[in-house]
Amino acid sequence: MYTQALNAPQSDERHLEDADKSARFEARVANEQRIEPNDWMPAAYRKTLTRQISQHAHSEIVGMLPEGNWITRAPTLRRKAALLAKVQDECGHGLYLYAAAETLGSSREELVDQLLGGKAKYSSIFNYPTLTWADIGAIGWLVDGAAIMNQIPLCRCSYGPYARAMIRVCKEESFHQRQGYEIMVTLSRGTDEQKAMAQDALNRWWWPCLMMFGPPDQQSQHGNQSTRWKIKRFSNDELRQKFVDATVPQARYLGLTMPDPELRFNDATQHWDFGAIDWQEFADVLAGFGPCNRDRMAARRKAHDDGAWVREAAQAYADKERARRAADNAVAA
Amino acid sequence: MATASIAIVETPLVNYALRRGDDALILGHRLSEWCGHAPMLEEDMALANMGLDLIGQARELYSYAAQAEGAANTEDTLAYLRDVRQYRNLLLVEQPNGDFARTMLRQLFYSAFADPYWRAMMGSSDPTLAAIAAKSEKESAYHLRHASEWVIRLGDGTEESHRRAQTAIDELWAFTGELFHVDDGDAALIKDGIAIDPERLRGVWSETIATVLSRATLQRPNSDWMQQGGRAGHHSEHLGHLLSELQSLQRSFPGATW
Ligand SMILES: [Fe+2]
Ligand SMILES: [Fe+2]
């Protein structure tokens with residue numbers, strides 16, 4: 001997921017590149033052909049994609065933390081294994097995505113440094129806490145559900161490595177979504193305490209999930225270029241509406257109440273109308289003032305810092321091995 | 001109100017499956033604690049993989065213990081509703097993760113036993129244990145390879161990694177004797193060909209450890225004093241904390257289905 005259209009507005013970068021190449025590039029994109037790493041591409045296209053893919057990768061990695069918070073407390077062995085496997089999948093998504101970003105010329109180390117230095121963004125949703133087991137159900141159902149809405153169109157993104165990574169990722173996200181929903185089904189058919197837990201999780205996650213699609217279309221300045229480049233296929237509001245339309249019936253099936261008194265089906269549009277999103281909260285969380293921003297970054301920095309000696313050791317060992325092999329070859333020759 | 005612990009009819013076979021199941025669950029749980037916090041993303045993946053293998057082994061062993069017991073227990077009552085004194089895992093596997101060196105040394109000591117153990121257990125006269133062994137053997141071979149490679153890298157890496165790896169060995173060594181523990185119940189199972197005599201594996205275990213430590217330029221401690229107790233439920237203080245976390249939901253919401 002988690003593309004969220006966080007990209008800073010594109011400054012009106014002039015394409016200084018060769019007009020010929022540029023025209024050929026635009027034509028290929030317009031014809032739905034894939035751009036591959038060795039193909040010529042405008043610098044702004046490269047920059048936009050690098051930013052989007054790396055934000056997406058960071059989101060997968062930071063996203064391991066809220067769910068990882070419940071691995072050691074999962075209530076059955078089946079749930080424990082499923083959750084551990086899910087969080088592992090998210091790590092795998094992060095790895096594919098960093099690899100896709102690397103094809104554009106930025107190394108994983110560089111991109112991770114940007115995250116740890118507070119210069120890169122990740123999805124706002126992961127700055128909310130997982131307080132009960134029901135949050136694990138709600139995240140799978142809603143957060144992975146929103147991720148799928150965002151990512152399925154990205155499977156047709158003009159940049160080949162990103163599109164291919166998304167195909168693989170989407171398969172796993174739909175599995176996560178079903179698994180999360182199944183947790184919600186179990187809780188909503190459980191004891192009164194479990195039902196209350198499920199409702200409380202929905203109450204807390206619903207609005208932040210709607211924010212995952214990014215600012216409303218009127219406010220989002222960077223949509224147009226990405227749309228023209230076939231990176232973005234649907235606007236933020238279109239995707240948000242799709243998500244609401246898909247999710248409301250699922251909540252009803254669970255017997256849960258959406259935390260939105262203004263939610264009602266609009267016969268004229270055949271869509272669910274919903275209440276106003278608190279965009280101030282969204283801005284605050286993105287600016288670093290969500291409930292868990294500091295904890296998330298502290299956890300990632302700690303893992304990075306505590307692991308430094310391990311990475312150094314691996315490097316030192318690889319260097320020694322190379323030197324030993326070179327010495328052996330010298331003797332053999 | 002909290003859910004009380006279950007009672008278990010501890011026949012030799014039930015005990016045998018439970019002990020191996022406890023080893024797998026507790027070590028798997030420890031490895032899962034790394035998830036999201038490992039030194040590199042590749043290790044987040046690898047540690048989760050090993051944790052998943054071990055939790056999978058625990059589930060099969062618990063299911064078999066429950067079946068052998070023939071009462072109302074399930075894999076989940078066995079995992080979630082036994083107290084610290086009823087757990088029968090090796091002290092080695094309940095030791096905290098510590099730094100990455102300690103986690104890898106703990107894994108090496110365990111896997112260097114588990115790998116030949118499961119291979120030998122494929123010949124068990126008990127078809128369920130033989131089937132569990134066949135699956136676990138493939139997994140433990142990978143765990144052993146992974147841990148060995150890391151111990152070699154750390155031992156022969158930097159001064160700091162060498163020091164950390166040696167410290168981990170010195171701290172964990174006393175827990176390795178228990179790998180070869182046998183009691184009267186086990187002896188009967190060994191006689192019937194259901195279990196194998198772990199003494200048979202001491203040679204190959206020592207050899208594996210010696211080879212890896214030598215390539216890693218690390219030292220086997222001189223002390224042969226060994227701490228025992230896990231197989232009889234005499235644990236370190238660490239296990240109670242692990243279980244209070246692992247069991248928290250099942251204990252707080254009696255009778256709920258998850
Ligand atoms: Fe993901
Ligand atoms: Fe996911």
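Every number in this text was worked out from the coordinates using simple rules, so none of it is lab data. Just so it is clear, the model here is predicted, and its values are computed rather than measured. All Cβ positions, even for glycine, are placed from backbone atoms using ideal geometry, and neighbour counts span all protein chains on display.
The table for this structure:
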{"item": "Alpha-carbon gyration tensor eigenvalues x 5, square-rooted, for the stretch A:213-315, Å", "result": "37, 21, 15"}
{"item": "Linear extension gain, A:Asp328 paired with A:Gln218, 0.36 nm per residue minus alpha-carbon span", "result": "33.0 nm"}
{"item": "Options A:Cys170, A:Ala314, A:Asn203, ranked by Cα towards positive dipole end of chain A, top entry (Cβ charges)", "result": "A:Ala314"}
{"item": "Full-extension gain in nm, B:Asp184 to B:Val9, via 0.36 nm per residue minus C-alpha separation", "result": "61.4 nm"}
{"item": "Structure-based [θ]222 nm, chain B - -39500 (n - 2.57) summed over DSSP H runs of at least 4, per residue, nearest 500", "result": "-20500 deg cm²/dmol"}
{"item": "Shape call, the protein assembly as shown: gyration tensor on alpha carbons, a/c limit 1.5", "result": "oblate"}
{"item": "For A:312-322, mean number of other protein chain Cβ atoms within 10 Å", "result": "6"}
{"item": "Cα-projected label distance for B:Met226 with B:Thr211, points at 7 Å along beta-carbon direction, nm", "result": "2.1 nm"}
{"item": "Highest-first arrangement of A:143-153, A:116-126, where packing means the average Cβ count within 10 Å", "result": "A:143-153, A:116-126"}
{"item": "Charge-dipole axis of the stretch A:24-85 as Lys and Arg at +1 and Asp and Glu at -1 on Cβ define it, positive-most pick from A:Asn31, A:Thr48, A:Thr76", "result": "A:Thr76"}
{"item": "Separation of the B:Ala131 and A:Asp245 label points, Cα + 7 Å toward Cβ, nm", "result": "4.8 nm"}
{"item": "Shape call, the stretch A:59-119: gyration tensor on alpha carbons, a/c limit 1.5", "result": "oblate"}
{"item": "Dimensionless Rg/Rh of chain A - Kirkwood Rh, Rg from C-alpha atoms", "result": "1.02"}
{"item": "Calculated Rg and Dmax of the stretch A:118-236 using C-alpha coordinates, Å", "result": "16.3, 51"}
{"item": "Sorted peptide list for A:73-84, A:96-107, criterion being average Cβ within 10 angstrom, highest first", "result": "A:73-84, A:96-107"}
{"item": "Inter-chain shielding of B:188-199 (mean C-beta neighbours from other protein chains, 10 Å cut-off)", "result": "0"}
{"item": "Residue-averaged beta-carbon neighbours from other chains (10 angstrom radius) around B:38-51", "result": "6"}
{"item": "Overall Cα dimensions of the stretch B:12-252 - principal axes, largest extent first, Å", "result": "54, 43, 31"}
{"item": "Relative contact order (percent, whole number), the stretch A:3-278, Cα cutoff 8 Å, 6+ residue spacing", "result": "21 percent"}
{"item": "Approximate spin-label separation A:Glu172-B:Tyr142, in nm, with each point projected 7 Å along Cα-to-Cβ", "result": "1.4 nm"}
{"item": "Residue-count net charge about A:Ala100 - beta-carbon cut-off 14 Å; Lys, Arg +1, Asp, Glu -1", "result": "+3"}
{"item": "Model label zone, A:Glu312; criterion: amide N under 13 Å from point 7 Å along Cα-to-beta-carbon; scope the stretch B:153-174", "result": "B:157-164"}
